[in-house]
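Q: Okay, handing you the structure first.
The values are calculated or read from the model by the stated rules, or taken from the named source; none is laboratory data. All values reported here derive from a predicted model rather than from experimental measurement. Counting neighbours? That spans all protein chains shown, and the Cβs are built from the backbone with ideal geometry, glycine included.
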Amino acid sequence: MCIFCQIVNKEIPKDFTFEDETLVAFKDINPKAPVHLLIVAKKHIESVITIKEGDRNLIAEMVWRAKLLAEEKGLDKTGYKLIFHCGRGGGQIIDHIHLHLRGGWK
Ligand code: 5GP
Ligand code: ZN
């Protein structure tokens with residue numbers, strides 16, 4: 001099972017910043033910004049490259065949740081980045097769909 005499936009299934013202990021029936025969010029282990037969260041689908045889908053039309057709502061949920069978490073962390077005051085790495089050439093290392101929320105720079 002992939003590492004993010006193990007985290008989602010709570011086989012690896014992790015403090016979730018957020019959880020609902022479709023998503024979890026937690027801190028990136030190797031942060032690239034003062035605030036760096038990963039918004040991770042509970043369903044195992046590899047990448048934006050392989051999403052199907054039926055996953056459109058899931059993607060919308062991920063972006064919506066990122067926006068709300070950004071507001072919770074006050075990142076909306078200064079701006080933030082939302083990043084999907086898509087495939088190896090797009091910098092993706094973990095083949096389980098996730099959205100990076102990065103911000104908090106002075
Ligand atoms: P990718 O390059 O695939 O978009 O991003 C994977 C991200 O997951 C990286 O930023 C990496 O630091 C993070 N990461 C990898 N393994 C773990 C882990 O076990 N726990 C957490 N919290 N983050 C992880
Ligand atoms: Zn997975």
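Q: Give the stretch 17-51 a look and list any residue that's aromatic (Phe, Trp, Tyr) and either farther than 20 Å from residue 63 by Cα or away from ligand 2 (no atom under 16 Å from the Cβ) (or both), or say none.
A: 18
Q: Looking only at the stretch 5-22, count how many residues are closer than 14 Å to residue 69 by Cα and touching a Leu at 6+ places or on another chain (Cβ under 8 Å).
A: Of the residues in that region, 2 qualify.
Q: Against the condition away from ligand 2 (no atom under 16 Å from the Cβ), within 20 Å of residue 2 (Cα to Cα), free of Cβ contacts under 8 Å to residues at least 12 places away in the same chain and more than 13 Å from the chain's Cα centre (by Cα), how does residue 88 come out, does it pass?
A: yes
Q: Taking the options 99, 82, name whichever one is in contact (Cβ under 8 Å) with a residue 24 or more places away in the chain, of a type outside the set (S, T, N, Q) and part of a strand (DSSP E or B).
A: Of the residues listed, the single one that is in contact (Cβ under 8 Å) with a residue 24 or more places away in the chain, of a type outside the set (S, T, N, Q) and part of a strand (DSSP E or B) is 99.
Q: Looking only at the stretch 8-46, count every residue that is near ligand 1 (Cβ under 10 Å from one of its atoms) and of a type in the set (D, E, K, R) and tell me the total.
A: Qualifying residue count, the stretch 8-46: 5.
Q: Report whether or not residue 37 is part of a helix (DSSP H, G or I), out of contact with any Gly (no Cβ under 7 Å at 6 or more places or on another chain), closer than 26 Å to residue 1 by Cβ and at pLDDT 95 or above.
A: no
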